[in-house]
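Input: a single structure, listed below in structure tokens.
The values are calculated or read from the model by the stated rules, or taken from the named source; none is laboratory data. Nothing here was measured: the structure is a model prediction, and the numbers come from that model. Backbone-built Cβ (ideal geometry, glycine too); neighbour counts: all protein chains shown.
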Amino acid sequence: MICRICGHTEGIKYYAAKRQALCNYCATGTPQKVSRASFDNYYWEKPHEVPEGVKRDFYDDYITSQCNLKQYKEQTTETII
């Protein structure tokens, strides 16, 4: 297995709560992650209107980030008035 974040190949373990295979170091800094369905429903105002590729790319970025879902949305969105 390969660590999904850093690419190490030794000491890799699958962390179900983090939804990915990680080395010890990356696992320490990675919070629990939500499912793709939960992510889409929380992140997008109208998930059915967002292209699948865009949703997949954002979810992949979220999974490998050191943010929980709330932090990720705050860091990657901007409210425009």
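Identify, from the list ALA37, ALA17, the residue that is surrounded by fewer than 12 Cβ atoms within 10 Å (Cβ to Cβ), small (Gly, Ala, Ser) and free of Cβ contacts under 8 Å to residues at least 12 places away in the same chain.
Working: ALA17 fails: free of Cβ contacts under 8 Å to residues at least 12 places away in the same chain.
After applying the criteria, what remains is ALA37.
In this structure, is ASP57 in contact with a Lys or Arg (Cβ under 7 Å, 6 or more places away or on another chain) and modelled with pLDDT of 95 or more?
Details: in contact with a Lys or Arg (Cβ under 7 Å, 6 or more places away or on another chain): no; modelled with pLDDT of 95 or more: yes.
The answer is no for ASP57.
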Breaking point among (1) charged (D, E, K, R); (2) farther than 21 Å from ARG4 by Cα; (3) at pLDDT 95 or above, for GLU45
(3)
Checking GLY11 against (1) in contact with a Pro (Cβ under 6 Å, 6 or more places away or on another chain); (2) not assigned by TED's automatic domain parsing to the domain that holds GLN75, which single condition isn't satisfied?
(1)
Is it the case that some residue within the range 16-27 is among the hydrophobic types (A, V, I, L, M, F, W, C), in a helix (DSSP H, G or I) and in contact with a Cys (Cβ under 9 Å, 6 or more places away or on another chain)?
yes
Select from the range 56-81 the residues that are of a type in the set (Asp, Glu) and in a helix (DSSP H, G or I) and list them in ascending order.
ASP57, ASP60, ASP61, GLU74
